[in-house]
Each structure stands twice: as structure tokens, then as C-alpha cells.
Amino acid sequence: MKLSCLQENLARGLSIVGRAVSTRSTLPVLANVLLATDNGRLKLSATNLEIVITCWIGTKIEEEGAITIPARTFNDLVSTLPQDTVHLELNEQTQTLHVSCLRTEANIKGIDAQEFPLVPEPDNNHRIRMETAVLKQIINQVAFAAATDDTRPTLTGVSTRIEGGQLTMAATDGFRLSVRSAHIPGYVDDPISVIVPARALMEVARIASDDTEAVFISLPEGRNQIIFDMDNVVLVSQLIDGNFPDYTSIIPKSYRTRTVMNTAELRKACKTAEIFARESSHTARFNINPGDEITPGMATISATSAETGDNVAQVDAIVDGDPIEIAFNVKFMSDVLNVIETPQVALETNSSREPGVIRPVGDSDFIHIIMPMHFGT
């Protein structure tokens, strides 16, 4: 293998695939990145056996070939090289890659490319097209609510259902639930229902460039995998086996109080409350008052810490229904407010012991549920 490419392209490619490099595997080759010539381009691949990320960059190829080299060493080296042409030449007998750029040279010992796991190919015949901006927004509004510990593996994933012309994603960690729907171009005859690891979806959102018009999703038959194809980048993820809990039953069908607030003001009030709520399991009280003919409606968010103090913040509100005092995990509240893009947000409640429903005002495709916290008198 003998080729040359621009340092900035190589560095960008390594940063894209680098997140899939395994850090804990007993297989040494999984700590490596695969470099292979492929139809006039350089292919970079990394995998931890759960996800595979592959990226192609423009390259001038003199000799074909492939090698795997330690990802961390190569990435650190490339990031220190000047922004110029990088020359890569493989000595096949010693499996050593010679790297040179202007006045810098290095040799990196690699492992034969044959030992690298097979990189799955996308299914170009049965794939679903999603606009990049829409898919990124759905992932950002849902994946954060998935569980991060592996005690219940299905909850570390995102329930993904494609039916007709609609995609619905849902995630829950048992304390909150995020559900987002979107229309997709085209039509799916047979409904698809899978659980995609939240970590994989977050990588898709990170990798998908705003310049990329569409992401193509495919689910090859019998492989228990989902493939996201984004121009010069492909991410393949294993699916999670199991049944996702039926979340529709916990979504309240009605409310006794609906409180509409300015999203930015509520976000700021929650962020302030979070400072004092850290020592008390992130608990903050939401005291909602409809007001009267003279006094406008108000939401008062307060948090108390025995160690550090307390705070109270008031947010103007349009309140429809009864006054209510309810406690929430204010970090969870901040998380959802960070992904709501509408100027106003609605909080729907029934009682201090029932879940609260957060909806962006004017956007019926997104709903978020937060379980209440218990607080003393």
C-alpha cells in the first residue's frame, strides 16, 4: 500500500471512526483502525463489535493494500502533523506503516488486515431515506432519556418503529420517557419495530454532517443490525434483543392543570435550581398558581440544600386549571428543555404523585414524561 492524502482529511476521518475503537477488548486488533484502499479512496474502519464506523476520504493511490494500526498512536501522530500532504507506505513483510509529512517521519507497527472483523455492507435495495436535520433532531430529543446502566439492556436502547410513512422513536430509563414522531419520505408496507442502542444513535447524530442532505437507513434481513449510510460515512450497529416496555399506557390522557411558560425562562430557572438541588437528589419544587383577575399566573421553582443554601425563581405562566405543587428531578427537566426548540413549553399535571407531561407548544410530534419526586412538608 502506498498513498498520499491531506492531513486535515485524514485527521477528520480518524476522529469520525475513533469513537468505535474498542478500549477494553481482549482482541488487540479491535484497538486498531483499518486502513484500506477502496475504489480510489482510503477507507478507515473501527469497531468494538457493537458498532462499526467506516469513513472514506479522498486519496492519491499508487499501490493498493490494507493494514490495521493502533488507533490511538496513529490519531495522536496525525494530529501533530503539519497541514500538508501525508504519505503512507506499508512494508508488507514487517507489517509496518511508514508515515511522512514534510520534515516529520514515523513508523507504526500494525496487525494484518485479515484479522480485522468483516465490515458489513449497506443494503442499497431496501433502505429508508431520512432528512439529516430531522433525524438528528429526533435522536437529540429522545436518546438522552435512555438508561445508561446495563441492568435492563432494553432500556439502554431506543424503541424505533417505522410504519407506513411515519417513524416513531421512544426512550425511557424508568423515571422519564421521551417520544418523538416524524413523517418519512416514501412508505413502508410491513411495519418495522427494533431497539437501537442509544449510544449508536448518538454517534449517528454526532457524525451526520449538516452538509449531508439525507441519511439512508437499512435493516439487512437475518443480521440483527441497522445500517446508517451518510455519504462518505457508514455506521453499522447491532440491535438489542428483547421487548421494549409498552410506554403508551403511562402517557396521561388528560390533565387538571396546564401551565404554559417561556422555554428560555423556564430553562434558566431550572438551571439555577439545579445548583442547590444537587445534594437533595436533584429535587426541585414547582409551585404553580393560576393567579386571578389582578395577579398573573406564576410558576415558582425552588430548591433547598442543607449544605449550600436555597433559591427561588419565578416564571410568568398562563395557567389553565387548579393550583398545584409538585416536585421533579430538575436535572431531568433541564435535559428536556435543552432539546425543545419552540419559544413556549407546556407542563401538564394532574396531582403531585402523577407524572408530568412536557410538550413544546405548537409541536404535536414530541412528548416527554417525567415521574414526580416525593417531598416532605
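Every number here is computed from the coordinates shown, using simple stated rules; none is lab data. These figures come from a predicted structure and were not determined experimentally. Glycine also receives a Cβ, built like all others from the backbone with ideal geometry; neighbour counts cover every protein chain displayed.
Legend: residue pairs Lys2/Lys109; Lys60/Lys136; Lys60/Lys109, Cα-Cα distance threshold 26 Å; pairs beyond threshold, Lys60/Lys136. Here the sum of -39500 (n - 2.57) over DSSP H runs of 4 or more residues, divided by the residues of the chain, equals -5000 deg cm²/dmol at 222 nm, to the nearest 500. Placing R0 at 45 angstrom, the Cβ-Cβ distance between Asp310 and Ser15 gives a FRET efficiency of 0.55 after rounding to 0.05.
Sparsely packed loop sites in region 251-341 (the trypsin sites (Lys or Arg not before Pro) outside DSSP H, G, I, E and B with at most 13 other Cβ atoms within 10 Å) comprise Lys253. Only one residue of Asn243, Thr54, Val357 has its Cα farthest out toward the positive end of the dipole of the chain, where Lys and Arg carry +1 and Asp and Glu -1 on Cβ, and that residue is Val357. Separation of region 122-199 and region 239-318, taken as the distance between their Cα centroids, equals 26 angstrom.
Quick check: net charge around Ala346, other residues with Cβ under 11 Å of its Cβ, Lys/Arg +1 and Asp/Glu -1?
-1
Counted by Cβ distance under 13 Å from Arg258, the other residues give a net charge of -1, where Lys and Arg count +1 and Asp and Glu count -1. Couplings for region 217-234, taken from phi via the Karplus curve 6.51 cos²θ - 1.76 cosθ + 1.60 with θ = phi - 60°, read 10, 9, 10, x, 4, x, 10, 6, 9, 10, 10, 10, 10, 10, 6, 9, 9, 10 Hz in order; Gly and Pro are left as x. Taking a sphere under 11 Å around the Cβ of Gly13 and counting the other residues whose Cβ falls inside, with K and R at +1 and D and E at -1, yields a net charge of +2. Only one residue of Phe175, Thr154, Ser209 has its Cα farthest out toward the positive end of the dipole of region 141-214, where Lys and Arg carry +1 and Asp and Glu -1 on Cβ, and that residue is Phe175. Backbone phi angles across region 278-290, fed through the Karplus curve with coefficients 6.51, -1.76 and 1.60 (θ = phi - 60°), yield HN-Hα couplings of 4, 7, 10, 6, 6, 7, 10, 8, 10, 9, 10, 10, x Hz in residue order; Gly and Pro are listed as x. If you plug the beta carbon distance of His126 and Ile318 into 1/(1 + (r/R0)^6) with R0 = 45 Å, you get a FRET efficiency near 0.40. Its relative contact order, with pairs defined as Cα atoms under 8 Å and 6+ residues apart, puts region 2-115 at 29 percent. If contacts are Cα pairs under 8 angstrom and at least 6 residues apart, what is the relative contact order of the chain in percent? Worked out over the chain, it gives 12 percent.
What you get for region 2-115, charging only the Cβ of Lys and Arg (+1) and of Asp and Glu (-1), is a dipole of about 360 debye around the Cα centre. The alpha-carbon atoms of region 1-79 define a convex hull whose volume equals 79 cubic angstrom per residue.
The charge dipole of the chain, taken about the Cα centre with unit charges on the Cβ atoms of Lys, Arg (+1) and Asp, Glu (-1), comes to about 520 debye, rounded to the nearest 20.
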